[in-house]
Amino acid sequence: MSDSGAGGGPQAGKGQRSGSDLNRKAIIALAVYLILALLVFRTMDPGEVLVFGRPVQLRLLPLIILGGLALRTVLALQADKIRRGGRGE
């Protein structure tokens with residue numbers, strides 16, 4: 001039982017640092033998404049397929065997926081700020 005009490009202290013410290021850790025991780029994730037998007041745009045052939053009768057470039061599909069992941073990352077960051085009561089940068 002004393003182990004669980006001793007473990008509470010470092011966990012509380014992690015809770016204090018989680019906001020800055022999450023900010024750092026979010027920035028890294030967004031940078032990776034940007035790099036992947038640039039690689040997709042530069043390396044994929046702009047071949048077209050018909051979607052609902054309209055031509056759509058094939059490289060738009062991974063760009064849309066990466067954009068969705070970036071949006072999810074930003075929303076998670078904002079949700080964390082709201083959960084923490086808006087404090088933090």
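How many residues does segment 44-79 hold that are part of a helix (DSSP H, G or I) and of a type in the set (Val, Ile, Thr)?
The number of residues fulfilling the criteria is 4.
How many residues are in contact with a helix residue (DSSP H, G or I) (Cβ under 7 Å, 6 or more places away or on another chain) and either at pLDDT below 85 or not in a helix (DSSP H, G or I) (or both) when one looks only at segment 20-43?
1
The values are calculated or read from the model by the stated rules, or taken from the named source; none is laboratory data. Quick caveat: nothing in here was measured; it's all calculated off a predicted structure. Positions of Cβ are generated from backbone atoms using ideal geometry, with glycine treated the same way; all protein chains shown enter the neighbour counts.
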